[in-house]
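Below is one structure, written out as structure tokens, with a few remarks after it.
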Amino acid sequence: MNITEKVKIELLQILKMKKIFGLEYMNQLDFQNYTSMESNLPSSLEVLNEYVSNCSLCELSKVKTSTSFVKGNMNSKILIVTLNDTLDKEKEFTYVENTFQEVLKLSINDIYMTNILKCNTDKYKENFDTEVSKCIHYLEQQISLIRPEIIITFGTSFKYMMENKDVLTDISGNLYNYRGIKLIPLLGIDFISKNPSYKKRMFNDIIKIKNIMDEK
């Protein structure tokens, strides 16, 4: 059987992950019926969080200050996804927070919030493609377990989740289908901090989210 490079990498990650948790022996892997790494991750959010806390699949684990799995209301049917855990630290966060309150009538703290990169670190890079390829499986499993009704992405998290390279300023506010779940991308908060003329665009995109929520 021909195994793609992506599958090889995923299988190696599974083996490494099992080793982290002290597993010395595994039954023979079923390559023929292999589906995805998510199917090999725990079906409990609590245990998945433990996997995240103990993960060492990428270089960020060596310089992390902490891990971040979830913030906000874990019972919310709305999920916010960012690339890393910096949403409430961004300069224009208050603007977004106030807009959510005004338009959606929701405190942002009443929404389930998570991030693709689970390790918090002071390290800055222009490109996190390698780290995301190791970490995004945790997010995918997290989403499959909580089954939100709506996903809101900020900034580059959309590109990684949807494997979509469209320019975000061209498509923010549009409705997408992520594994049967409605997904709406928003501009990154750091982007509107540097480009304040896009604040109105952000406001209008959040109105679109309200309209989608009202369609239910």
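Looking at K194, is it of a type in the set (D, E, K, R) and surrounded by fewer than 13 Cβ atoms within 10 Å (Cβ to Cβ)? Steps first, answer last, please.
Details: of a type in the set (D, E, K, R): yes; surrounded by fewer than 13 Cβ atoms within 10 Å (Cβ to Cβ): yes.
Yes: the conditions hold for K194.
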For the stretch 56-112, enumerate the residues that are of a type in the set (A, V, I, L, M) and in a loop (DSSP other than H, G, I, E, B). L57, V70, M74, L83, L106, I111
Failed item, numbered, when F93 is tested on (1) under 23 Å from E46 (Cα atoms); (2) over 13 Å from the mean Cα position of the chain (by Cα): (1)
In the stretch 189-201, how many are within 15 Å of F158 (Cα to Cα) and modelled with pLDDT of 95 or more? 0
Being touching a Ser or Thr at 6+ places or on another chain (Cβ under 7 Å) and either in a loop (DSSP other than H, G, I, E, B) or hydroxyl-bearing (S, T, Y) (or both) is the filter here; which residues of the stretch 165-187 pass it? L187
Quick check on my filter: what residues within the stretch 113-142 are in a helix (DSSP H, G or I), in contact with an Asp or Glu (Cβ under 8 Å, 6 or more places away or on another chain) and among the hydrophobic types (A, V, I, L, M, F, W, C)? none
What are the pairs with Cβ atoms under 7 angstrom where one residue, in the stretch 192-209, is over 13 Å from Y95 (Cα atoms) and the other, located anywhere, is part of a helix (DSSP H, G or I)? Sequence gap at least six, or different chains. I207/V103; I209/L104
Kindly indicate which of N164, N177, N120, N127 is surrounded by fewer than 21 Cβ atoms within 10 Å (Cβ to Cβ), modelled with pLDDT of 95 or more and of a type outside the set (S, T, Y). N177
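The values are calculated or read from the model by the stated rules, or taken from the named source; none is laboratory data. All values reported here derive from a predicted model rather than from experimental measurement. Glycine gets a Cβ as well: all are built from the backbone with ideal geometry, and neighbour counts include every protein chain shown.
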